[in-house]
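Following: one structure in structure tokens, then a few remarks.
Just so you know, all these numbers are worked out from the coordinates, no wet-lab data involved. Predicted model only: the values in this text are computed from it and were never measured. Cβ placement follows ideal geometry from the backbone for every residue including glycine, while neighbour counts extend to all protein chains displayed.
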């Protein structure tokens, strides 16, 4: 599930949203109210239940931490496998012209400061494991994210972690 040209996506488990209002998320580092969305490249970051902690890494070329033939890795903990398999996730298509890139360098999201009406009804995203497979994304299921996270954050890979506060605690 990726946006079409001229669109960005917002992923949600709520299929009843008719209008997105700018807000400050409880986990936000900035105080500006935004409507958040993602582009084609970053859509796979959200092929998960909302609360699911995940570690992600990617490289434009082969890398020793990635399986042969892949350039992107996503990892979750075992406790999130069943929610990943059963969540009902929806994508809202939003007009890209209302958004600006957010983040330094390669943007990790797009934001709007005005209310946004979706371009149509939400679309079921479908089988998230299948989406990962179709996109050629290596998906690892681990007892804990922390050893992999520590490895990728000190490697030459580009990386992102989402909802890591929901991961199992680090071992002492």
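Within region 7-166, antiparallel bridges make up roughly 85 percent of the DSSP beta bridges whose residues both belong there.
Expressed as a rounded percentage, what relative contact order does region 1-61 have, with Cα pairs under 8 Å and six or more residues apart? Computed value for region 1-61: 38 percent relative contact order.
The mean of 1/r over all pairs of different alpha-carbon atoms in region 78-170, once inverted, gives a Kirkwood hydrodynamic radius of 16.4 Å.
Note on 117, 144, 61: ascending count of other Cβ atoms within 10 Å places them as 61, 117, 144, the fewest first. Comparing 46, 90, 78 in a Gaussian network model of the chain where C-alpha atoms under 10 Å apart are linked, the largest mean-square fluctuation is found at 78. The slack between residue 168 and residue 2, meaning 0.36 nm per residue of separation minus the straight C-alpha distance, is 56.8 nm. Our estimate of slack between residue 81 and residue 97, defined as 0.36 nm per intervening residue step minus the Cα-Cα distance, is 2.2 nm.
What separates the Cα centres of region 123-157 and region 77-93 is a distance of 13 Å. What relative contact order, as a whole-number percentage, does the chain give when Cα pairs under 8 Å and 6 or more residues apart are counted? With pairs under 8 Å counted, the relative contact order is 33 percent. The tail of the calculated P(r) for the chain beyond 18 Å holds 63 percent of all Cα-Cα pairs.
Summed over qualifying helices (DSSP H, 4 residues or more, each -39500 (n - 2.57)) and divided by its residue number, the chain shows a 222 nm mean residue ellipticity of -3000 deg cm²/dmol.
For the pair residue 67 and residue 14, label points projected 7 Å from Cα toward Cβ lie 3.5 nm apart.
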